[in-house]
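The values are calculated or read from the model by the stated rules, or taken from the named source; none is laboratory data. All values derive from a computational prediction rather than experimental measurement. Note: ideal-geometry Cβ built from the backbone for every residue, glycine included; neighbour counts use all protein chains shown.
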Amino acid sequence: MIQGMLGRKIGMTQIFEEDGTVVPVTVVKLGPVTVIQKKTEDKEGYNSVQVGFEEVAERKLTKPKLKHLKGQKPHRILKEFRVEDINAVEIGQIFDTGVFQEGETVAVTGTSKGRGFSGAMKRHNFGGQPASHGHRGHRGTGSIGQCAFPSKVFKGKKMPGQYGNATTTVQGLKVVKIIADEQLVLIRGAVPGYNGALVTVKKSNR
């Protein structure tokens, strides 16, 4: 059994438990994924499988990628996942939502929403300077360093810049419900990315 799956984020909603508690969940459509290649410890130094996600027409792929697929159906995305037993997995095998179970803890990786070049208050949640009349700062960053020594701004200083559009992983999320016939998994809480974004869901002990 592989240790993760690829999917698309559908959006957020809420469900109700038996006692009436409202649970916020993110709906993710997982898989199916097809095993394209097996990597063994003898040859590559570790055991994993490469899987393909989202079938596409051959004309949309390059010749090197088509040759790598070795007769398999063309897929848009390829990714590796660790496996418990490499001998139990075969090339061409298909995995779906059955990889996970309800109540299981997972970690979700995706690309966070890009917010462009943002100021320090929005990017780092700064409180800002006084907004009263006569003050010159308002939403400015404020002091960023010293004068004579060391006469530079230290690296890592929280300042305006690119906000979002970065690979982000959220751990400790719980699988609340699995709708197998529609390939949907309901995960408690929020996951990175916009609706329709590619996400990776992996088994986690944290």
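Got at least one residue in the range 171-187 being surrounded by fewer than 15 Cβ atoms within 10 Å (Cβ to Cβ), under 21 Å from Arg115 (Cα atoms), hydrophobic (A, V, I, L, M, F, W, C) and under 21 Å from the mean Cα position of the chain (by Cα)?
The initial filter retains those residues of the range 171-187 that are surrounded by fewer than 15 Cβ atoms within 10 Å (Cβ to Cβ), namely 171-172, 179-182.
Still in the running and under 21 Å from Arg115 (Cα atoms): none.
No: the range 171-187 contains no residue that is surrounded by fewer than 15 Cβ atoms within 10 Å (Cβ to Cβ), under 21 Å from Arg115 (Cα atoms), hydrophobic (A, V, I, L, M, F, W, C) and under 21 Å from the mean Cα position of the chain (by Cα).
Among the listed residues Ala88, Ala107, which satisfies the condition of being small (Gly, Ala, Ser), at negative phi and not assigned by TED's automatic domain parsing to the domain that holds Tyr163? Give the steps one after another, and end with the answer.
On the way: Ala107 fails: not assigned by TED's automatic domain parsing to the domain that holds Tyr163.
Going through Ala88, Ala107 in turn, the sole match is Ala88.
Working carefully through the options Lys79, Lys113, find the one that is of a type in the set (Lys, Arg), in the same structural domain as Leu198 (by TED's automatic domain parsing) and under 20 Å from the mean Cα position of the chain (by Cα).
Lys113
Within the range 90-135, how many residues turn out to be in contact with a Lys or Arg (Cβ under 9 Å, 6 or more places away or on another chain), aromatic (Phe, Trp, Tyr) and under 14 Å from Gly7 (Cβ atoms)?
Residues flagged as in contact with a Lys or Arg (Cβ under 9 Å, 6 or more places away or on another chain), aromatic (Phe, Trp, Tyr) and under 14 Å from Gly7 (Cβ atoms) within the range 90-135 amount to 1.
Could you please find all residues in the range 79-118 being within 22 Å of Thr168 (Cβ to Cβ), part of a loop (DSSP other than H, G, I, E, B) and among the acidic types (Asp, Glu)?
Scanning the range 79-118 gives a single hit, Glu104.
Working only within the range 124-151, note down all residues that are surrounded by fewer than 10 Cβ atoms within 10 Å (Cβ to Cβ) and at pLDDT 90 or above.
Hits for the range 124-151 are Asn125, Gly127, Ala131, Ser132, His133, Gly134.
Residue-wise test of (1) touching a helix residue (DSSP H, G or I) at 6+ places or on another chain (Cβ under 8 Å); (2) of a type in the set (D, E, K, R); (3) in the same structural domain as Gly116 (by TED's automatic domain parsing); (4) touching a residue at least 60 places away in the same chain (Cβ under 8 Å).
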| site | (1), (2), (3), (4) |
| --- | --- |
| Phe126 | yes, no, no, no |
| Arg136 | no, yes, no, no |
| Ile178 | yes, no, yes, yes |
| Leu184 | yes, no, yes, yes |
| Ile187 | no, no, yes, yes |
| Ala190 | no, no, yes, yes |
| Tyr194 | no, no, yes, yes |
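Out of the residues in the range 28-52 meeting the condition of being among the hydrophobic types (A, V, I, L, M, F, W, C), in contact (Cβ under 8 Å) with a residue 60 or more places away in the chain and out of contact with any Phe, Trp or Tyr (no Cβ under 6 Å at 6 or more places or on another chain), tell me which one is surrounded by the fewest Cβ atoms within 10 Å (Cβ to Cβ).
Initial filter on the range 28-52 (among the hydrophobic types (A, V, I, L, M, F, W, C)): 28, 30, 33, 35-36, 49, 51.
Next cut, in contact (Cβ under 8 Å) with a residue 60 or more places away in the chain only: 28, 30, 33, 35.
Cutting the leftovers down to out of contact with any Phe, Trp or Tyr (no Cβ under 6 Å at 6 or more places or on another chain) gives us 28, 30, 35.
On the way: Val28: 25, Leu30: 25, Val35: 20.
Per the stated criteria, the residue is Val35.
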